[in-house]
Amino acid sequence: MASTNQSDNGNGAVSRQAHLGFEAELFKAADKLRGNMEPSDYKHVALGLIFLKYISDAFEARRKALLAEDAQAAEDKDEYLADNVFWVPKEARWSHLQANAKLPTIGTLIDDAMRAIEKDNESLKGVLPKDYARPALNKVMLGELIDLISGIALLLPSPDGRGVGGEGAGRQRQSFDILGRVYEYFLGQFAGAEGKRGGEFYTPRSVVRVLVEMLEPYSGRVYDPCCGSGGMFVQSEKFVAEHGGRIGDIAIYGQESNYTTWRLAKMNLAVRGIDSDIRWNNEGSFHKDELRDLKADYILANPPFNISDWGGDRLREDVRWKFGVPPVGNANYAWLQHIHHHLAPFGVAGVVLANGSMSSNQSGEGEIRKAMLEADAVDCMVALPGQLFYSTQIPACLWFLARNKKGSPLPPGERQGVRAEGRDRRGQVLFIDARKLGVLVDRTRRELTDEEVQKIADTYHAWRGEDGAGQYADVAGFCKSATLDDIRKHGHVLTPGRYVGAAEQEDDGEPFEEKILRLSAQWREQRTAAAKLDAAIEANLKELGYGE
């Protein structure tokens, strides 16, 4: 879930910090207030308040505009709902909470505010956190957190760049965008703090960006059957906005089986002003497919890796298993087939899975993979670098599926904007080996830079033969367009390293004979130094009475 718009010049951590600026500082300040509270609990406290601030600000901005036109209209709830703005009762408005932030009853006031908002906004029923009054929650910390979040708007520059700007419509819009960025950044930071559990609701931003930049969801239906906190949708909307499209041109659909995570997704999308149809049930997409009849133009998904207890024994016969019945002990090929089943005639999908999915032959997985390839369902495979995920060190890859690889234009009457242009790619699969890309952002985690994301996406678009994407060419060690015959020779294994080969080594100009002499001398020196070190260690151990 992520999610997730930092520029990078190769020095990942430095440029990322420079771009983020206040988000990182704000999180640091908020985290200091956390004290001994577990990140998994504090996450809901902080994100709930950021959400409350957002909908209150949006309400006040709309109310101000309505008052200028018609005072009576400003009290009409429908006027707000028609503009996709939540109705916020007087006792739930941020100004009321800020004014009472130092009272010992602030927790109760926040809970009452959340209940009042849910009561007046059907789409938020059961979504907002309502346990701020619990005795274990430090009320002084709550007040300080309200003060901190209240100051977010003060971080906006004025039109002349020298201080706090005016309260015009543009500034209001910018304020909402800032709150959306803060919510998104906090989600990522909490995911990192929670480690493995964090991965259940958040997909790292750079992974989501690879999917979005490759699929380019300009318009149509976007679906995620295991949507986490909604990061795939946030990035899809962001992509449309950044590339001159209209946000209303994509329709968002999703399902999530974890109720707490579903609530995060609903808030994440609302704080971004994204209209969506996100369903929840605790049975999940396999056993209770809430969107059974949906055929999506774009599917972006990061299912849980290698799930063994997915209840496959109860789904031996299912219309979704077009390529073969997935094994009871691993859901990877159930996810791939569920996703392929939900693709529209010209639909494309990007799926994050464990590397094992590319080569496993256990329990019939190899036969399912073979059937998918022979049916031309696989468009592209990307091997990712390690250490990208908060939740696992398991190496991951990206599967790109396509319902139509002919590359012909859409026939009259089909949905406009769906990507079907380009050349005929039938009988071909693009392999990209991105394992050597990425920069370390801390001791344990790596991210792909913006330039690297673009390199991967540009390679895919060129291979597809899209207008303006340039000429595609195989690059040794990075990408290879393989035929189905090539893939058959490898037993239908889809590991990119098998196809792209080794990168060409630059000639350093040193003659071979000289290099051998130099390296031999260097090896002898190192061997002598190692022997001296061994002798010194042995002597020290004898002195300490541990020698032989």
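Miscellaneous remarks
- For beta carbons closer than 9 Å, sequence separation of 6+ or different chains, a first residue in the stretch 300-314 that is part of a loop (DSSP other than H, G, I, E, B) and a second that is acidic (Asp, Glu), the qualifying pairs are 302/224; 304/200; 311/283.
- Single residue of 92, 82, 73, 61 found to be loosely packed, with under 15 Cβ neighbours inside 10 Å and touching a helix residue (DSSP H, G or I) at 6+ places or on another chain (Cβ under 6 Å): 73
- Just one of (1) over 33 Å from the mean Cα position of the chain (by Cα); (2) surrounded by 11 or more Cβ atoms within 10 Å (Cβ to Cβ) fails for residue 546. It is (2).
- Scanning the stretch 110-147 for residues that are among the polar types (S, T, N, Q) and under 21 Å from residue 30 (Cβ atoms) gives a single hit, 138.
- Residues that are closer than 21 Å to residue 479 by Cα and touching a strand residue (DSSP E or B) at 6+ places or on another chain (Cβ under 6 Å) were ranked within the stretch 435-445; the one that is surrounded by the most Cβ atoms within 10 Å (Cβ to Cβ) is 438.
- Residue 335 being touching a Phe, Trp or Tyr at 6+ places or on another chain (Cβ under 8 Å), surrounded by 19 or more Cβ atoms within 10 Å (Cβ to Cβ) and outside any strand (DSSP E or B): no
- In the stretch 362-387, the residues that are open to solvent by 40 Å² or more (accessible area, probe 1.4 Å) and either assigned to a helix (DSSP H, G or I) or closer than 18 Å to residue 499 by Cβ (or both): 362, 363, 367, 370, 374
- Pairs with Cβ under 7 Å, 6+ apart, first in the stretch 341-365 and under 16 Å from residue 294 (Cβ atoms) and aliphatic (A, V, I, L, M), second open to solvent by 30 Å² or more (accessible area, probe 1.4 Å) and in a loop (DSSP other than H, G, I, E, B): 343/295; 343/403; 344/295; 344/403
- Residues of the stretch 191-233 that are modelled with pLDDT under 85, on the phi < 0 side of the Ramachandran plot and in a helix (DSSP H, G or I): 191, 192, 193, 194, 196, 197, 198, 199, 200.
- Residues that are within 14 Å of residue 46 (Cα to Cα) and part of a helix (DSSP H, G or I) were ranked within the stretch 113-139; the one that is farthest from the chain's Cα centre (by Cα) is 139.
- Residues satisfying the stated conditions in the stretch 292-315, i.e. more than 28 Å from residue 345 (Cβ to Cβ), out of contact with any strand residue (DSSP E or B) (no Cβ under 8 Å at 6 or more places or on another chain) and open to solvent by 40 Å² or more (accessible area, probe 1.4 Å): 304, 307, 308, 309, 313, 314
- Residue-level check: of (1) within 23 Å of residue 311 (Cα to Cα); (2) buried (at least 18 other Cβ atoms within 10 Å of the Cβ); (3) out of contact with any helix residue (DSSP H, G or I) (no Cβ under 8 Å at 6 or more places or on another chain), residue 344 misses just (1).
Okay, residues lined up against (1) under 33 Å from the mean Cα position of the chain (by Cα); (2) part of a loop (DSSP other than H, G, I, E, B); (3) surrounded by 12 or more Cβ atoms within 10 Å (Cβ to Cβ); (4) among the small types (Gly, Ala, Ser):
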| residue | (1), (2), (3), (4) |
| --- | --- |
| 454 | yes, no, yes, no |
| 473 | yes, yes, no, yes |
| 480 | yes, no, yes, no |
| 528 | no, no, no, no |
| 542 | no, no, no, no |
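The values are calculated or read from the model by the stated rules, or taken from the named source; none is laboratory data. All values reported here derive from a predicted model rather than from experimental measurement. Using ideal geometry, Cβ is built from the backbone for each residue, glycine included, and neighbour counts are taken over all protein chains shown. Surface areas here come from the heavy atoms of the whole protein model, side chains and all, with no ligands, DNA or RNA. Shrake-Rupley method; radii C 1.70, N 1.55, O 1.52, S 1.80 Å.
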